[in-house]
Amino acid sequence: MFIVIGIMFAGIGTGFLLRNRKLPGLSQLTMVLIWLLLFLLGLEVGHNEALIRNLHALGLEAFVLAIAGVLGSVIAARLLWVYLYRRKGAKR
(Lines give C-alpha, C1' and ligand atoms only; values in the text may rest on other atoms or scores of the structure.)
Protein backbone atom coordinates (compact mmCIF):
# COMPACT_ATOMS: atom_id res chain seq x y z
CA MET A 1 0.00 0.00 0.00
CA PHE A 2 2.79 2.42 0.88
CA ILE A 3 4.54 1.65 -2.40
CA VAL A 4 1.42 2.57 -4.39
CA ILE A 5 0.92 5.79 -2.43
CA GLY A 6 4.63 6.61 -2.80
CA ILE A 7 4.48 6.11 -6.57
CA MET A 8 1.40 8.33 -6.76
CA PHE A 9 3.11 11.12 -4.81
CA ALA A 10 6.24 10.74 -6.94
CA GLY A 11 4.06 11.28 -10.01
CA ILE A 12 2.42 14.30 -8.43
CA GLY A 13 5.81 15.76 -7.57
CA THR A 14 7.16 15.13 -11.06
CA GLY A 15 4.07 16.69 -12.59
CA PHE A 16 4.46 19.71 -10.35
CA LEU A 17 8.11 20.15 -11.35
CA LEU A 18 7.32 19.76 -15.06
CA ARG A 19 4.09 21.77 -15.07
CA ASN A 20 5.52 24.58 -17.23
CA ARG A 21 6.88 22.25 -19.92
CA LYS A 22 5.05 20.93 -22.94
CA LEU A 23 4.98 17.14 -22.93
CA PRO A 24 3.74 16.10 -26.38
CA GLY A 25 1.92 12.80 -26.49
CA LEU A 26 1.39 12.57 -22.73
CA SER A 27 -2.39 12.49 -23.09
CA GLN A 28 -2.24 9.71 -25.68
CA LEU A 29 0.23 7.72 -23.58
CA THR A 30 -2.03 8.05 -20.55
CA MET A 31 -5.01 6.79 -22.55
CA VAL A 32 -3.07 3.80 -23.90
CA LEU A 33 -1.90 2.89 -20.40
CA ILE A 34 -5.44 3.14 -19.01
CA TRP A 35 -6.72 0.80 -21.76
CA LEU A 36 -3.84 -1.59 -21.03
CA LEU A 37 -4.65 -1.59 -17.31
CA LEU A 38 -8.32 -2.27 -18.04
CA PHE A 39 -7.38 -5.14 -20.35
CA LEU A 40 -5.07 -6.64 -17.73
CA LEU A 41 -7.78 -6.30 -15.09
CA GLY A 42 -10.20 -8.13 -17.36
CA LEU A 43 -7.58 -10.79 -18.03
CA GLU A 44 -7.07 -11.28 -14.30
CA VAL A 45 -10.82 -11.55 -13.67
CA GLY A 46 -11.24 -13.98 -16.57
CA HIS A 47 -8.37 -16.08 -15.26
CA ASN A 48 -9.92 -16.37 -11.79
CA GLU A 49 -11.79 -19.69 -11.97
CA ALA A 50 -13.63 -19.20 -8.68
CA LEU A 51 -14.99 -15.87 -9.82
CA ILE A 52 -16.08 -17.20 -13.20
CA ARG A 53 -17.76 -20.24 -11.56
CA ASN A 54 -19.73 -17.98 -9.19
CA LEU A 55 -20.47 -15.25 -11.70
CA HIS A 56 -24.16 -16.13 -11.72
CA ALA A 57 -24.31 -15.67 -7.93
CA LEU A 58 -23.19 -12.06 -8.21
CA GLY A 59 -26.43 -11.24 -9.96
CA LEU A 60 -28.30 -8.00 -10.09
CA GLU A 61 -26.74 -6.47 -6.99
CA ALA A 62 -23.25 -6.44 -8.49
CA PHE A 63 -24.61 -5.02 -11.74
CA VAL A 64 -26.45 -2.23 -9.90
CA LEU A 65 -23.35 -1.42 -7.84
CA ALA A 66 -21.20 -1.26 -10.96
CA ILE A 67 -23.66 0.98 -12.80
CA ALA A 68 -24.04 3.22 -9.74
CA GLY A 69 -20.26 3.55 -9.47
CA VAL A 70 -19.91 4.47 -13.13
CA LEU A 71 -22.80 6.94 -13.01
CA GLY A 72 -21.46 8.51 -9.82
CA SER A 73 -18.05 8.96 -11.44
CA VAL A 74 -19.55 10.47 -14.58
CA ILE A 75 -21.71 12.89 -12.58
CA ALA A 76 -18.80 13.92 -10.35
CA ALA A 77 -16.54 14.44 -13.38
CA ARG A 78 -19.22 16.55 -15.09
CA LEU A 79 -19.73 18.70 -11.98
CA LEU A 80 -15.98 19.22 -11.67
CA TRP A 81 -15.76 20.13 -15.36
CA VAL A 82 -18.57 22.70 -15.01
CA TYR A 83 -16.98 24.14 -11.85
CA LEU A 84 -13.56 24.49 -13.46
CA TYR A 85 -15.02 25.84 -16.69
CA ARG A 86 -16.98 28.57 -14.88
CA ARG A 87 -14.02 29.33 -12.65
CA LYS A 88 -11.88 30.27 -15.64
CA GLY A 89 -14.64 32.55 -16.94
CA ALA A 90 -14.62 31.12 -20.47
CA LYS A 91 -17.70 31.17 -22.66
CA ARG A 92 -19.02 28.24 -24.62
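The values are calculated or read from the model by the stated rules, or taken from the named source; none is laboratory data. Here the structure is a predicted model, which is why all the values come from computation and not from measurement. Quick reminder, even Gly has a Cβ in these numbers, built from the backbone with ideal geometry, and neighbours come from all protein chains shown. Side chains included, ligands, DNA and RNA excluded: accessible areas come from the protein's heavy atoms. Shrake-Rupley method; radii C 1.70, N 1.55, O 1.52, S 1.80 Å.
Some notes on this structure:
- Residue check: Val45 meets all listed conditions (1) touching a Leu at 6+ places or on another chain (Cβ under 7 Å); (2) of a type outside the set (Gly, Ala, Ser); (3) open to solvent by 100 Å² or more (accessible area, probe 1.4 Å) but one, namely (3).
- Residues within the range 13-36 that are under 16 Å from the mean Cα position of the chain (by Cα) and open to solvent by 100 Å² or more (accessible area, probe 1.4 Å), tallied: 2
- Residue match in the range 80-88 (condition: under 16 Å from the mean Cα position of the chain (by Cα) and either surrounded by 10 or more Cβ atoms within 10 Å (Cβ to Cβ) or in contact (Cβ under 8 Å) with a residue 24 or more places away in the chain (or both)): yes
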